[in-house]
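I have placed the structure first, in the form of structure tokens, so that the comments after it can refer back to it.
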Amino acid sequence: MHAPTWLRWAWVVPAAFLVAFLAIPLASLGRQVISPGTVGYLFDPLPWQVAGLASGQAIVSTLLALAIGLPMANVLTRYRFWGRRWALALATVPFVLPTVVVALAFRALLGGSLGSGFAIVVLAHAYLNLAVVVRIVGARWVTIDPRMDLTARSLGAGPWTAFRTVTWPALRPAIASAAAIVFVFSFTSLGVVLLIGDSSTRTLESLVLRQTSILLDFQGAAVSAAIQALVVGSVLVLAARQRAAQRGGSARPMRLIRPRGRSSLAVGVVATAAAVIVLAPVLALVWASLRSSSGWTLAWWSGLFGPNTIDAGSTRIGSPLSAMARSLTFAIATGAVAAVVGGLAAVSVLTGRIGRAFAIATALPLGISAATLGLGTLLAYGRPPLDLRATGLLVPIAHALIAVPLVVAVATPTLRATDPRLVTVAANLGARPTRAWWTGYGPALRTVMVAAGGLACAVSLGEFGAASFLARADGPTVPLVIARLLGRPGEASFGVAAALAVVLVIMTTTLVAAVDRGGRRR
Amino acid sequence: MKRIPAPFVLVLTASALLLAACSSESAPETETEASSAGSVTVQLLTHDSFALSEDVIADFEESSGINIELVSGGDAGSMVAGAILAAGAPTADVMFGVDNTLVTRALDEGVFEPYTSPEADSLRPDLADQTFDGLVTPIDFGDVCINIDDTWFEAEGIAPPTTLDDLVDPAYSGLLVVQDPGTSSPGLAFLLSTVARYGDEWPNYWQQLKGNNVAIAGSWSDAYYGDFTFGGGGDRPIVVSYATSPPAEIVYAEGEPPETVSTSSMDDGCYRQIEYAGILAGTDNVEAAQQVVDWLLSAPVQEDIPLNMFVFPARADTPLPEVFTEFAGQVEMPEQLPADYVAENVEGLLTEWGSVMGR
């Protein structure tokens with residue numbers, strides 16, 4: 001391939017990022033905790049049993065997320081209908097809702113019939129990860145030419161055969177990507193299982209938390225965290241193997257299909273069902289934000305924006321507006337960092353084995369428990385001689401660590417499917433290597449980076465674990481404020497938390513819709 | 001070649017900056033800035049339930065010339081874990097919020113530097129000996145107690161329970177929700193309270209609770225807002241919470257505060273949690289850190305603590321707000337276990353609890 005020279009070195013930036021912000025914190029932590037005796041903890045059956053339990057739960061969550069998410073991805077990214085852009089942005093909302101909020105909303109909606117336990121946890125996980133499926137699979141699906149499917153049908157294939165032989169092979173890498181990520185998120189879930197789970201839904205992440213902050217058993221926690229990283233790493237490598245390089249499918253997004261006749265009905269049903277599924281918990285939150293013991297009230301909303309904000313004058317929560325501004329700033333910073341690092345990592349996948357290895361390595365942070373990463377970052381960068389806490393960079397960096405693998409997952413399938421002969425043609429027509437390469441891959445990159453950027457911003461807006469370790473005590477993000485409010489009694493606490501959660505939903509939808517719009521304009 | 005149009009990026013960034021500017025009127029003045037040459041900054045490591053009024057902090061900063069930078073370490077347990085891992089080369093100067101279930105572990109790891117504050121002479125008599133040889137200073141205490149929804153019991157015409165033994169009475173079957181002690185601090189405190197009360201027979205007590213259809217929630221929020229009849233529209237009128245939860249009904253009410261509260265705290269079976277502050281060993285700012293510890297135990301802070309953190313001040317004769325004296329549980333004889341006993345046995349207790357309750 002006529003690759004420009006700089007491309008061969010594209011992996012350096014993601015590698016440096018990982019070394020600085022993943023390897024060094026883990027090493028700082030490991031140095032304190034790990035000793036020769038730690039190996040003995042590997043023979044404790046408990047973490048392995050929990051790993052087995054969590055794997056089962058994660059598999060079911062993944063299947064459910066795919067079952068709901070694939071039709072949504074199909075309809076929301078490929079068909080033209082009124083409100084499509086907002087519907088697509090809304091689909092990202094579950095992903096950004098803090099898990100505390102989702103868990104409580106699900107309990108409110110379904111807790112009566114399902115109670116706590118496996119069923120409600122799996123439903124909550126599928127809900128939270130719909131955005132992953134829609135974005136990753138959708139970004140690829142939209143580049144598959146619908147006319148190929150039509151051609152197959154006109155040659156006599158039934159609709160399912162046409163799907164199986166034409167669309168499915170092209171889509172499989174993206175589905176494998178999405179499934180791997182949903183599995184990892186469900187496997188490492190913490191908030192949901194703590195709040196609405198029971199003994200059948202334990203995860204290694206909850207075990208690490210217990211060992212770290214209640215038992216102060218650091219060696220046991222290190223072993224549990226290592227086992228979790230091992231499982232996650234294996235799943236990611238397996239998924240990468242599944243993703244054989246695929247040809248077929250232009251890199252440009254196809255024109256949107258205008259649904260006609262029967263397909264119009266199907267599109268309508270799926271779009272409506274998607275809206276109901278996504279919005280039901282959100283509406284529960286809106287309802288909670290307007291209710292008090294004396295009926296309907298606007299007090300919680302005015303508590304957010306009015307002059308008497310809740311806890312005004314106290315360090316604990318401060319102004320909700322400043323928390324919103326802080327969250328938004330962190331989100332934009334995360335999006336920028338993740339786009340650069342993730343984009344370079346995705347591009348380096350094309351160049352060879354080292355690049356592919358690093359692209360998988362960028363996904364490791366997903367398997368490292370937030371407690372481990374938070375403590376390690378504090379030990380490495382939270383004290384003299386290198387104290388980065390005051391710069392406010394630690395939170396976006398931690399968020400970028402989690403967002404980069406998502407960027408890579410969204411970008412890689414489409415990049416891989418791009419026909420490299422375009423580059424050759426451009427080079428033969430006289431273009432310099434960089435220009436030729438950009439002619440071939442530019443359109444694909446532009447489409448996927450926008451989808452990826454939206455996802456990265458969403459991750460940052462809703463992230464709780466790393467922020468709780470690394471944010472200043474008087475400089476919380478919106479999820480931190482919500483968690484603090486929910487941690488104390490009083491109807492104002494609950495009402496304002498619900499209102500803030502609704503604000504988070506609005507912020508996400510707007511930000512994601514703006515980013516999407518910017519990418520769509522041509 | 002088009003990217004995200006610059007106007008969009010500009011609009012977003014401008015909005016973010018505008019929001020930040022508009023809200024800066026309440027941004028605390030405690031941001032780290034070398035306001036004058038020679039001003040010292042003390043980093044105060046706390047957990048995420050810490051709160052004090054900004055005026056109280058600003059007054060101290062003015063009078064002492066010390067800048068206070070608030071650093072968060074997550075929840076109380078994570079904060080202590082971080083301090084233990086960083087022992088000797090700490091991430092802050094003073095740590096506040098380590099409680100009596102975790103403090104001996106931190107002491108054993110050499111996290112603290114000894115300092116006996118002159119203000120410690122003003123401690124309540126029952127806390128005066130709680131300094132562990134001058135390594136830590138008690139700052140506040142709270143009681144984890146059973147909370148009862150009185151309106152529910154009135155409506156049903158049943159007398160509410162008054163002792164731990166009542167909770168296993170079949171008359172109260174299916175009415176109690178507790179938190180999992182492995183994932184919740186008040187849940188652990190309630191378990192320790194039953195251990196203190198019943199000694200080696202505590203598994204039998206929990207067996208009976210299980211027979212009485214106790215519900216187990218994963219966290220305080222889940223129990224109080226999800227299962228408790230008063231807070232969350234659940235179906236359990238008895239919940240493990242804090243002695244200071246009833247006053248919150250008034251403090252955090254909408255509009256006109258109610259005259260009286262609908263929940264009350266059961267005085268029997270409460271477990272006392274004491275929070276300490278200490279100077280982290282290895283800090284450079286020892287003198288300034290000492291002043292901060294003195295300040296935490298001083299009258300202005302101690303008076304400010306109740307309505308901000310919903311715990312009781314450790315300083316003797318601190319005036320309490322009216323909602324506290326009227327509606328908070330005043331527990332004379334809480335259950336307590338020695339701190340080193342807890343540190344040694346917590347893992348065994350949790351494992352046995354798990355096998356008794358089938359979790």
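Taken together, the values in this text are just the output of simple stated rules run on the coordinates, not laboratory data. Being a predicted model, the structure only gives us computed values, none of them experimental. Reconstructed Cβ throughout: ideal geometry from the backbone, glycine too, with neighbour counts over all protein chains shown.
Work out, in µm²/s and without decimals, the Stokes-Einstein translational diffusion coefficient of the protein assembly as shown at 10 °C, 1.306 mPa s, Rh from Kirkwood over C-alpha pairs. Translational D for this selection: 56 µm²/s. Extending 7 Å from Cα along the Cβ direction at A:Leu150 and again at B:Glu156 yields two label points whose distance is 6.6 nm. Calculated on the alpha-carbon coordinates, the convex hull of region A:296-431 measures out at 223 cubic angstrom per residue. Taking every Cα-Cα distance in region A:408-519 and sorting them into 10 Å bins from zero, the calculated P(r) comes out as 13, 27, 23, 16, 12, 7, 2, 0 percent. So what's the angle, to the nearest 10 degrees on a 0 to 90 scale, between helix B:6-22 and the longest Cα principal axis of chain B? Around 80 degrees separate the two axes. Of the DSSP H helices in chain A, those with a Cα length along their own long axis of 30 Å or more and a mean Kyte-Doolittle hydropathy reaching 0.0 comprise A:45-78, A:218-242, A:261-289, A:320-348, A:394-417, A:433-462, A:491-520.
Eigen-decomposition of the gyration tensor built on the alpha-carbon atoms of chain A gives equivalent ellipsoid semi-axes of 36, 29, 23 angstrom, largest listed first. At an R0 of 51 angstrom, the distance between the Cβ atoms of B:Gln208 and A:Ala27 translates into a FRET efficiency of 0.55.
Taking one quarter of the surface of the convex hull spanned by the alpha-carbon atoms of region B:166-325 gives a direction-averaged projected area of 12.5 nm².
Other residues with beta-carbon under 13 Å from the beta-carbon of B:Met333 carry, at +1 per Lys or Arg and -1 per Asp or Glu, a net charge of -4. Computed over chain B with a Gaussian network model linking Cα atoms closer than 10 Å, the most mobile of B:Val136, B:Val286, B:Val251 is B:Val251. The eigenvalues of the Cα gyration tensor, multiplied by 5 and square-rooted, give chain B an equivalent ellipsoid with semi-axes of 37, 27, 22 Å from largest to smallest.
Taking Cα atoms only, the orientation of helix B:185-198 departs from the longest principal axis of chain B by about 40 degrees.
Taking a Cβ cut-off of under 10 Å around A:Ala426, the surrounding Lys, Arg, Asp and Glu residues balance to a net charge of +3, with basic ones at +1 and acidic ones at -1. Shape analysis of region A:74-210 yields a ratio of the Cα radius of gyration to the Kirkwood radius, Rg/Rh, of 1.09. What angle, in degrees between 0 and 90 and rounded to the nearest 10, separates the Cα long axis of helix B:286-296 from the longest principal axis of the Cα atoms of chain B? Helix B:286-296 and the main axis of chain B meet at about 50 degrees. Please give me the summed charge of the neighbours of A:Phe118: other residues whose Cβ is under 12 Å from its Cβ, Lys and Arg +1, Asp and Glu -1. Result for the local shell: 0. With a simple spin-label model that places each label point 7 Å from the Cα along the Cα-to-Cβ direction, the separation between A:Thr434 and B:Ser262 comes to 6.7 nm.
Taking a point 7 Å from the Cα of B:Asp235 along the Cα-to-Cβ direction, the residues of region A:116-158 with backbone N closer than 20 Å to it are A:116-121.
Per residue, the convex hull around the alpha carbon atoms of region B:102-246 comes to 139 Å³. For region B:264-359, the Stokes-Einstein estimate of translational diffusion at 37 °C and a viscosity of 0.692 mPa s comes to 196 µm²/s, using the Kirkwood hydrodynamic radius over alpha-carbon pairs. Around the Cα centre of the protein assembly as shown, unit charges on the Cβ atoms of Lys, Arg, Asp and Glu (plus for the first two, minus for the last two) sum to a dipole of about 9560 debye. Taking the convex hull of the Cα atoms, report for region A:31-122 its projected area averaged over all directions, in nm². Taking the Cα atoms of region A:31-122, their convex hull projects to 10.0 nm² on average.
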